Every structure is written in C-alpha cells, then in structure tokens.
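Below is one structure, written out as structure tokens; comments come after it.
The values are calculated or read from the model by the stated rules, or taken from the named source; none is laboratory data. All values reported here derive from a predicted model rather than from experimental measurement. Here the Cβ positions follow ideal geometry from the backbone for every residue, glycine too, while neighbour counts run over all protein chains shown.
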Amino acid sequence: MLIQVLDVDYIMPNEKPVVRVFGKDKNGKVVCCFFEKLMPYFYVLGNNVENVVRGERNVARIEKVKRYLATEYRKDSIEVYKITLHNPAKTPELRDKLRNLGYEVFEADIPFKYRFMIDYDIRGMCWIDVENGNGIDTNTVYADKIVRANKIRSVDLDANAPLKYLAFDIECVSTKPGAVPNAKRDGIIMISIVFSEPFKGKKEMVLSTRYDASVEYFQSEEEMLREFVNILIEYDPDIITGYNVNNFDLPYVLERLRQNNIPALFGRCRDKYVVARKIANRYKINITGRIVVDSYELIKKDFSLKRYDLDFVCNALLGERKVPVRHSEIEKLWKGNSNDFKKLIRYSKMDSILALNLLFKLNLLDKYIALAKISGTLLQDILDSGETTRIENYLLREFSKKGYIIPCKPLERDVAKREAARKKELKGGYVLEPEKGLQESVIVLDFKSMYPSLIRTYNICPTTLLVSNEGIDCFQTPAKVRFVKPNIKEGIVPSILKTLMDERGKIKAEMKNEKDGAKLRELDAKQWALKIMANAFYGYFGYPRSRMYNLGIANSITSLGRETIKKTKALIEKEFGYKVVYGDTDSVMVRVDVQSLEEMKKIGDKLSSYISNMLPGIMELEFEKIFKRFLPLTKKRYAAWCFELKGDKWVDKIETKGIETVRRDWCDLVSETMMKIIEIILKEKNTTNAVEYFKNIVEKINKGEIPIQKFIITKTMTKTAESYDGIQPHAEVVKKIKKRNPAEAPGIGDRIAYVITKGTQMLSKRAEPPEYVVEHGLELDSQYYIENQLLPPLERIFSALNISKNELLGKGRQIQLLKFNNKNKKMVARIEDVEAFICKSCEKVYKIPPLNGTCECGGTIAFMTPKGSLDHVTLT
DNA sequence: GCTACTCGGGG
DNA sequence: GTGTACGAGTAGC
C-alpha cells in the first residue's frame, strides 16, 4: 500500500519502541502504519566501553563496528562501539554518563522518529510502500486503515494525496479593559470554523455561547469546547490553520480546555495529549498525525510588508478585507442587540475564511512541502524550525549511507566559545567601493550559486579536510586550509551539492515545456527549495550550533569567494578595458560604452563566457541584468533603473537595495516622495527636475494641499500610556483620547495613529489623532514634516549627486552655484555666467549637464559662457 | 558603526 | 522528546 508521510511518532506499549507513521493514501484515506523492528542506538569512541556499559538496564546490545569519522580526511575507517538500547527516552542518561567519563559519543541526540526515518530512507511528505503483516495491538489511533508493517520501502512519486484543511478563529473578551484577554481568566465566547471539504453539509460553522439562529448554540463554554474537540476528531483534518494560531488561538484553547477539565485529545490517537511547549518566545504545538500551519507565520516569512495584521495583509495580497470591528468593540457587539451580535458572527467567520484564503490563494504551503520532500524533514518541523534542521536531516542521511558517523550538537558552553571565535575570525564576502555619481549603461553579472560552486570546485567537505602533513594531492585555499582532491576522495558535501544543482537544472528545463499551471507551480516550488537547500550548506559550517562547525571550512569558502571576485574584476578591467563600478560578494557591475540593451547583453555574454573559462572548476559567471542608470549611495546601498530579459522581452523596473523606501515609522508622504524622486533621477536623468519636484512637494505641504492621510505616523503602544519613561508622541495621544473620550481609548498593543500639529509646545505634546485634527481644523506642522520626515532620507540620495540640503531648500539662491563632477574634478561656476554646457570632444551642447559629467561620446564637459567655454570658474 | 533590547500577531 | 531553536528594527553608546 502506498502512503504519503504526514507525521511520525513512537509509543512504548511493551517497553519496546513501536514507530507509528501517519499518512494518507491516494484517495485521501487516513493510514497509520506500525513498525516494531527498530531499536535506538548511538556510537562511542574509546576503550573499555563494555566495562562502563555492563549492567546498564537500558542497554540491549554492544558491538564493535567500523565507521568513518565526519571530522577530517582519513583513509581508513576506525573501530567504534555501537550501543543499542531499549528505550529512546532514556538514551540521554547513558549518553551523559559516557560523556562525563571522557568518552566521545556520536549520533546520540537524534530523535527516535528521525533515526527511523533516516535508517529506512523515509522523508516527510514523500511516499512509502508498506505491506501488512502481523504484530501488536494497534487500538490507539484514529485511522481509516491500519497496517502492521514488516517491510517499508520508500517510493519515488511526485503526486500529493488530497489533504483536508480546517481553519478556525476564537473570540474572547478581556475582563481587564484594554488588555489582551488572558486564557487563565477570560473564557472563549465564540469559535468560527471553516472546512475545505463540507462537514455535515456545511463549509462553515460558528459555535457560540450566545444564541442566534445562525450559530451552534451552547449553554456553557465547557459544552462548546467539548463540541469543538468532537468536530476536530470527526472532521479529521490533516492541516489545522488560522491567523496566529500558533501563538494565540491554540495555546488559548488548550488553556481553556485545562480550566474546564477537558482532556486535550484531538490528534489522530487516543494516547497523546496535544501540548504547546514554549520555546524561546513562541509556542510549538504538537498534534499527533496532523500539521498546524499558521498563515501569519508563513506570510511573515514569504512577504515583505509594512505590517502583518490580518486586515492589512489580506488587503495587500488578496484585495480582501476583514469585517471592520475594533478590538474594543467586540464586547459591545457581544452584549449588544441581535444585529450587533450578527456582526460579531460575520467578523469571526470572516477571519477564518481569510486565514484559509491566504493559504490557498497564495499557495503558501507548496514551498514548504518541497523543502520537506528534499530534506526528508517532517512538514511540521519544516514549518516550526529553520535551516539547520533541514540541513542536518539531509547530512545525516547521506553521511550514514556512506558509513560515516556524525558528532552530536555542541554543549551550550561550546556554543558560547564558538560564537566568540566566529565573530572575530569569520570573514564575509568582498564588497567593492562603488564609484560615486550616477552611472550609465552598467551590466550586472553574477556567479551562479557561488558558494555551492566553490565547495564543489575545491572539493570542500569535512571528509576531505587534510590535517596531517603527508604528501597528498590537495587544494590549499587562501584561508590556508587544505582539502584533498577528488581523485583521492570525493567529498560528501560536494556530491550532495552536485545532486541538488543537477536536479534543479532538470526541473528548470522541465518548466520551459510545462503549460499546466498547477504543475508549473509545483515545479517552481521544487526548484526554489533545491536552491535554498544548496545555498544553506555553506552557512552550516559557520553556524555555532552545527554538528560540523569548522571556521577553517567556512573561511575557506568566503576567502575563495573574495579571491574569485577580485580576479574577475581585474580580468574585466585589464582584458576588456571596461570599468567595474561596483560589486558585492558574488556580483560585478560593469560600465560599458554602448547604449542599446541588445549590445550590452552581447558584451555581458562575452564577458561571462570569458571569465567562466578562465576560472577553475564549475565556476560560472552569468549575465544577470542591465542597469540603464545606476546610482550608488554607499556600499550595499543603491538605486537603479533595471532591465531584465524575461523570455525574449526586456522588462524594466526601479530597483533599490538598502534604501528603505517603506518604514513603519515613516508616513506615506515620505515613501511616495522618495520613490518618485528616485524615479525622476533615474529615468529622466535630470537632477533639476528632481529638485523641482521636491520643492513643489514642500510648497504643497506649506499650502496645506496634501491630504492628511499622507502625514499619519503609526506606533504601537507597548505598555500603558502612563508608564512610558520619556515623553512619546503616541503615548501623549492616548492620554488625550482618554481625557476627551474615555470609551474610545486604545489599549496596550494597539497601533496608534497620529499627526504632528503646529504649536509652541514640545513635539510629543503636539501629536494629535488625525480625526481630531480634521474636526477642529488644526494646522499641521509643515516644518516638522519637511525637516524631520522628508529631508533625512532624501538628503542621502541627493548628496550622492552633490546636491546639498541648502540647495534643496532653496537657501543658496543668493549666490546660485552650478556644480557638477567632471571626471573626478569638481566644477563650480556662478549661474549667471553660464549659458550651457559643451562637450570638449564632440562639441555637443547640453542645456542640463549629464549627471556623470561625461558626454555620451565619453568626452569631458565644460561650461559654456558668453565669453567662450571654460573649465573652471572660481568665485571670489 | 557597532552592540543590546524590544517587539511582533492575536482579543 | 535521543533536538531548547527567531529576526527585524530601533535605541543607545
């Protein structure tokens, strides 16, 4: 029977571990597969381990085996002890005892379910073939089919079984006004549920402790919660979702179940309670056989937005809105008339619908399913944890396949040591000092998967790391670390990367011929996941909690990167005579002397094939895009008018890096003006127009011609208004609202919107709610908005063009000067002396000087005055 | 420019 | 559960 793996756990029925695999078959039937043949084990290096282990109750077996160590290159395997135990949960006891006696232990911290998955080649969301046999009593799980497996075989299958989704949302009212409800104290009043497949003929359901014809009505919270648990078991979803379910709804429900003495049993088994464990500051929730997906967390990972509240997110990504109800209104609606209550029902239902819509319409899960399949990690763990888990899972599989054993995770004190060393010793990528001023015709080239390619080219791996001084054929990196060449031994990490990169290449090729939208999305998710995986291996060597932490390896990779980029720059400048105007880690920006996109592409292709040929191994420089205009501010910060080839069409856009155009503490006016000015500079190549635009905005602000919405600043109130130490605008606003209209007062956690008005008091005291300003016809403090909001970010952009703050504000008008950079020479002239500008080579006349100070023909520009042209005018 | 701390979403 | 683990943005030096 074929099943797709959703979840794995184990139980101890007769003091022996039994693995349970929860999955679904092709028809969407729930299958649970029991497997009894695996016992926990780990490895020990050292002498006389038998003596230490003898008499330990948990030990089943001890044997000597041959393994390779995954720490450095060694020709031969070595002898280690493999200790097999009875009880996975008691493994740490023996592990720590051995450690304390000075033994080195390996793979002694692998969760048992993953030991099983690694040894039997079973991966999260992948398919397995199981055969029914006989075995233990399996009366512990809810499943359509139960299999006692004798044999489990992994199967290569791309399809996905149909999954059942359930989204829910709870409503509750705080007994403490203004505060977020507390589950220890405040009950749940309503639960809305949405089903992906109709349940009892319904797609939606609302449970409540107040009656309405449209809800399932309950006398008490306890009855409502019991029914909620029943629905979860009966509907039997694979995926449970909601907005912020991980950190609000689910922990809240679990606490209310506890308060009402209802067992939290709604997984696919009768023997494991649903638990929420707090790790760092978030909850990790385990529901046996099911997967919890928090739309909020996925959105935050996948999209860069100014805010992440459900209404903002849905509006921005789906064009859908919540039912507008403010938190402070919920209690009023709950206690209000029948229409009020109906509104609350709609509100609650809508929140569940939106949470599910986000998941479905944006296909949020595709990428994570692809990551699970590739790395072998369970989907739940892909969602709850980061890069490390995925990399380790992959490494453990590949290393153990080849007879290697892997170190345990480091102890906390070692992590601290590593963190300190890493900070001092790990060097990153190389960033070129950008050439100042607006550039024209810049080709962007970058190295295809630079770090993975370097790892492959130089055979970088713990298994090839050469420590001894024997005369073995090896590479030495600029970090002075050596790796044996592939003919001696091919590294495991390089071979993993080859697999990932080749596979990605195949998928990209497949995508070119694929017309079916759904299939295309799936392939795209897969190629994305392959890229993410390949790029994460480098980081793992420099990560202080890594099992394969090695600064020498990490530094080898970055040092080769720096060497490569420097070599590339030198070659391009020397062999082709083009100027490399900027570059960062794996990219170079090359200024050329042609205008047409096609010509530039040709040069780009020529450069990339030349460089790719000159560099060793699989290093490949690729033509990426064209910056028709390029304005660098500093390292890591620039704006560009970018042209990219999509199919056979050039698509243009304004690209900014490191220049924040949206920040939550800026009003919309700032973001919009910034974008507009960047666009004028880049597209019109005209600073005068950009300055004019700015002056025009200033004038409009002064005349009050810009709508107040553009001036609104928002800040979250994190504690009560009174408890702020300093005087802060948003806290002052809340104090004012409290005085004027106590019922409207926002509470902790609310976002406070305000504008700054004119007056003589200190700034914070002049903050007012926008509605109040409109009602009372107050005047905004235009000075503040110009000087403190608009100017700081714009100054940084204009200063890259040698335009000062005074010029922007028109203060330098008395002696208006013309300035521009002319091939490194700053030129200044009095404005009335200058009629136009002229190229000294081709004599082309400009009304406005080219921003980079160079004529199209490459010639130098000079001022043209009534007396003739002159290079330089000095003012006295 | 760096490092330390704070806060997110939810009602 | 043989695993203890965020990350961006801002304030403060």
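In region A:302-346, of all residues being hydroxyl-bearing (Ser, Thr, Tyr) and within 8 Å of DNA strand B (Cβ to nearest atom), the one that is modelled with the lowest pLDDT corresponds to A:328. Across region A:740-749, a minimum of one residue is classified as crowded, with 18+ Cβ neighbours inside 10 Å and at pLDDT below 80. Listed conditions (1) over 24 Å from residue A:338 (Cα atoms); (2) surrounded by 15 or more Cβ atoms within 10 Å (Cβ to Cβ) are all met by residue A:200, apart from (2).
Evaluate the following for residue A:179: is it at pLDDT below 90 and either under 25 Å from residue A:354 (Cα atoms) or surrounded by 14 or more Cβ atoms within 10 Å (Cβ to Cβ) (or both)?
Yes: the conditions hold for residue A:179.
Looking at the structure I just gave you, is residue A:116 under 27 Å from residue A:237 (Cβ atoms), touching a Pro at 6+ places or on another chain (Cβ under 6 Å) and within 16 Å of DNA strand C (Cβ to nearest atom)?
For residue A:116, the condition - under 27 Å from residue A:237 (Cβ atoms), touching a Pro at 6+ places or on another chain (Cβ under 6 Å) and within 16 Å of DNA strand C (Cβ to nearest atom) - is not met.
In the condition set (1) surrounded by 15 or more Cβ atoms within 10 Å (Cβ to Cβ); (2) away from DNA strand C (no atom under 16 Å from the Cβ); (3) over 34 Å from the mean Cα position of the chain (by Cα), residue A:25 is compliant with all but (3). Is it the case that residue A:566 is closer than 21 Å to residue A:427 by Cα, assigned to a helix (DSSP H, G or I) and of a type in the set (D, E, K, R)? The answer is yes for residue A:566. Against the numbered list (1) within 16 Å of residue A:535 (Cβ to Cβ); (2) away from DNA strand B (no atom under 16 Å from the Cβ), residue A:361 comes up short only at (1).
Could you please let me know if residue A:218 is of a type in the set (A, V, I, L, M, F, W, C) and in contact (Cβ under 8 Å) with a residue 24 or more places away in the chain? No; evaluated as a whole, the condition is false for this residue. Taking residue A:206 as the residue in question, decide whether it is in contact (Cβ under 8 Å) with a residue 60 or more places away in the chain, surrounded by fewer than 16 Cβ atoms within 10 Å (Cβ to Cβ) and touching a strand residue (DSSP E or B) at 6+ places or on another chain (Cβ under 6 Å). So residue A:206 fails the test.
I'd like to verify a number: residues in region A:245-259 that are hydrophobic (A, V, I, L, M, F, W, C) and more than 12 Å from residue A:222 (Cα to Cα), how many?
Step one: filter region A:245-259 for residues hydrophobic (A, V, I, L, M, F, W, C), giving A:245, A:248, A:250, A:253-254, A:257.
Narrowing the set further to residues that are more than 12 Å from residue A:222 (Cα to Cα) leaves A:245, A:248, A:250, A:254.
Total meeting the criteria: 4.
Can you work out which of the residues in region A:11-22 that are crowded, with 23+ Cβ neighbours inside 10 Å and not hydrophobic (A, V, I, L, M, F, W, C) is nearest to DNA strand B (Cβ to nearest atom)? Among those residues, the one meeting the criterion is A:20. Filtering A:252, A:235 for residues that are touching a residue at least 40 places away in the same chain (Cβ under 8 Å), within 16 Å of DNA strand B (Cβ to nearest atom), among the aromatic types (Phe, Trp, Tyr) and crowded, with 16+ Cβ neighbours inside 10 Å leaves a single hit, A:252.
What residue, among those in region A:307-349 that are assigned to a helix (DSSP H, G or I) and within 16 Å of DNA strand C (Cβ to nearest atom), is nearest to the chain's Cα centre (by Cα)? Here the residue is A:313. Kindly indicate the residue of region A:256-283 that is within 25 Å of residue A:354 (Cα to Cα) and within 14 Å of DNA strand B (Cβ to nearest atom) and also surrounded by the fewest Cβ atoms within 10 Å (Cβ to Cβ) among those meeting that condition. Top of the filtered list is A:282. If the condition is being part of a helix (DSSP H, G or I) and either closer than 26 Å to residue A:229 by Cβ or within 10 Å of DNA strand C (Cβ to nearest atom) (or both), then region A:284-306 contributes A:295, A:296, A:297, A:298, A:300, A:301. For region A:397-419, a residue qualifies if it is in a helix (DSSP H, G or I), within 10 Å of DNA strand C (Cβ to nearest atom) and not aliphatic (A, V, I, L, M), and exactly one does: A:412.
Each residue in region A:57-88 was checked for being without any contact (Cβ under 8 Å) to a residue 40 or more places away in the chain and either over 25 Å from residue A:549 (Cβ atoms) or hydroxyl-bearing (Ser, Thr, Tyr) (or both), and 11 pass.
Checking each residue in region A:350-396 for being farther than 27 Å from residue A:280 by Cβ and either within 16 Å of DNA strand C (Cβ to nearest atom) or of a type in the set (S, T, N, Q) (or both) picks out A:352, A:357, A:363.
Taken over region A:582-598, the criterion of being more than 34 Å from the chain's Cα centre (by Cα) and in contact (Cβ under 8 Å) with a residue 60 or more places away in the chain is satisfied by A:592, A:593, A:594, A:595.
Once region A:442-472 is narrowed to residues that are in a loop (DSSP other than H, G, I, E, B) and closer than 30 Å to residue A:592 by Cα, the residue that is farthest from the chain's Cα centre (by Cα) is A:448. Of the numbered criteria (1) in a strand (DSSP E or B); (2) in contact with a Ser or Thr (Cβ under 8 Å, 6 or more places away or on another chain); (3) modelled with pLDDT of 85 or more, the one residue A:756 fails is (2). Criterion applied to A:579, A:635, A:601 was being basic (Lys, Arg), on the phi < 0 side of the Ramachandran plot and within 27 Å of the chain's Cα centre (by Cα), and the one residue passing it is A:635.
Restricted to region A:660-689, and to residues that are of a type in the set (A, V, I, L, M, F, W, C) and within 16 Å of DNA strand B (Cβ to nearest atom), which residue is farthest from the chain's Cα centre (by Cα)? Selected residue: A:666. Reported count of residues in region A:319-346, each being touching a residue at least 24 places away in the same chain (Cβ under 8 Å) and surrounded by 14 or more Cβ atoms within 10 Å (Cβ to Cβ), is 12. If you go through region A:122-163 and keep only what is within 16 Å of DNA strand C (Cβ to nearest atom) and out of contact with any Gly (no Cβ under 7 Å at 6 or more places or on another chain), you end up with A:122, A:125.
When residues in region A:263-298 are screened for being among the aromatic types (Phe, Trp, Tyr) and touching a strand residue (DSSP E or B) at 6+ places or on another chain (Cβ under 7 Å), 1 of them pass.
The set of residues from region A:594-632 being under 15 Å from residue A:569 (Cα atoms), surrounded by fewer than 16 Cβ atoms within 10 Å (Cβ to Cβ) and of a type in the set (A, V, I, L, M) comprises just one member, A:614. Whether a residue is more than 25 Å from residue A:375 (Cα to Cα) and in a helix (DSSP H, G or I) was assessed, and residue A:13 does not pass this test.
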